[in-house]
Amino acid sequence: MARIPALGYALLGLIQHKPASGYDLRKIFSSTSMKFYSDSPGAIYPALGRLAEQRLVRATIEESMGLRRRRVFHLTARGASELKKWIMQPITPDHLTRGCDQIMLRFAFSENAAGRTASLGLLKSFEVALKAHVASLRNEYQASHTFMPTSARLAFESGLESTKHLLQWIEYAIAVYEKPARKKGRVS
């Protein structure tokens with residue numbers, strides 16, 4: 001199977017949540033923070049075509065209120081399996097080096113695609129990898145901060161503080177998942 005880019009996984013996750021037309025998906029991308037992945041029809045429609053060629057999604061034609069018919073994309077069993085496999089992969093130092101956007105995308109789709117246990121497992125994998133990353137950054141900072149120009153030192157400190165803050169959020173998110181589920185209808 002050909003490599004699937006982040007936009008492809010974003011599309012799979014959205015379609016898994018709710019079948020949608022290319023236009024519906026484009027509206028989601030253009031009106032939310034998912035714009036980061038693309039809101040361009042020149043990217044979204046070809047990506048949907050590639051996912052269909054790989055049999056990860058299938059399109060059905062639906063009549064609409066107007067004269068136009070809509071192609072609505074549905075996730076196939078193969079697409080659901082590929083999405084779950086992507087979500088469940090362990091987090092490596094390389095994932096952290098490239099940035100946490102894709103990890104957070106995986107987490108955003110994890111509960112719907114793979115269940116609460118998978119979401120918690122992904123968070124715990126993220127926590128382990130991030131603790132090691134923070135330790136590595138601290139060591140690098142200690143070894144080099146006295147030789148850095150002020151701007152470089154401050155930029156490094158910003159990155160370190162952001163990473164430590166993310167680790168605190170992960171610990172909070174794990175605690176949320178580990179709390180017993182509340183009964184529906186109860187407000188606290």
For Cα extents along the principal axes in Å the list reads [x] 78, 46, 24; [y] 67, 24, 23; [z] 68, 45, 33; the calculated value is entry [z]
Most packed first (mean Cβ within 10 Å per residue), the peptides 46-55, 106-115 order as 106-115, 46-55
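Can you list which of the DSSP-assigned H helices in the chain have a Cα extent of 30 Å or more along the long axis and an average Kyte-Doolittle score of at least -0.5?
Working: long enough: 116-144 (41 Å, -0.01); 150-178 (42 Å, 0.06).
Span-like helices here: 116-144, 150-178.
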Sorted by chain and then number, the residues having a modelled amide H within less than 5 Å of the amide H of Ser21, at least 5 places away or on another chain, are Phe73
Summing -39500 (n - 2.57) over every DSSP H run of at least 4 in the chain, dividing by its residue total and rounding to the nearest 500, the 222 nm mean residue ellipticity is -21500 deg cm²/dmol
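Less than 13 Å Cβ to Cβ from Gly49, Lys/Arg counted +1 and Asp/Glu -1: what total charge do the surrounding residues give?
Details: positive: Arg50, Arg55, Arg58, Arg71; negative: Glu53.
Every neighbour counted, the sum reads +3.
Among His95, His165, which comes first, then next, by fewest other beta-carbon atoms within 10 Å?
Details: His95 18, His165 10.
Placing the least packed residue first, the sequence is His165, His95.
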In the neighbourhood of Phe156 defined by beta carbon distances under 12 Å, the net charge of the other residues (Lys, Arg +1; Asp, Glu -1) is -1
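Taking the Cβ of Gln89 as the centre, find all other residues whose Cβ is under 12 Å away and add up their charges (Lys, Arg: +1; Asp, Glu: -1).
Working: positive: Lys84, Lys85, Arg106; negative: Glu82, Asp94.
Around Gln89, the charge tally is +1.
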Between Ile4 and residues 5 or more places away or on another chain, the pairs with built amide H atoms under 5 Å apart involve none
Reduced to Cα centres, the span from the stretch 16-83 to the stretch 101-179 in Å works out to 31
Quick note on Asp94, Asp24, ordering by fewest other C-beta atoms within 10 Å, gives Asp94, Asp24
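FYI, it's all coordinate maths here, none of it is from the lab. These numbers come from a predicted model, not from an experiment. Note: ideal-geometry Cβ built from the backbone for every residue, glycine included; neighbour counts use all protein chains shown.
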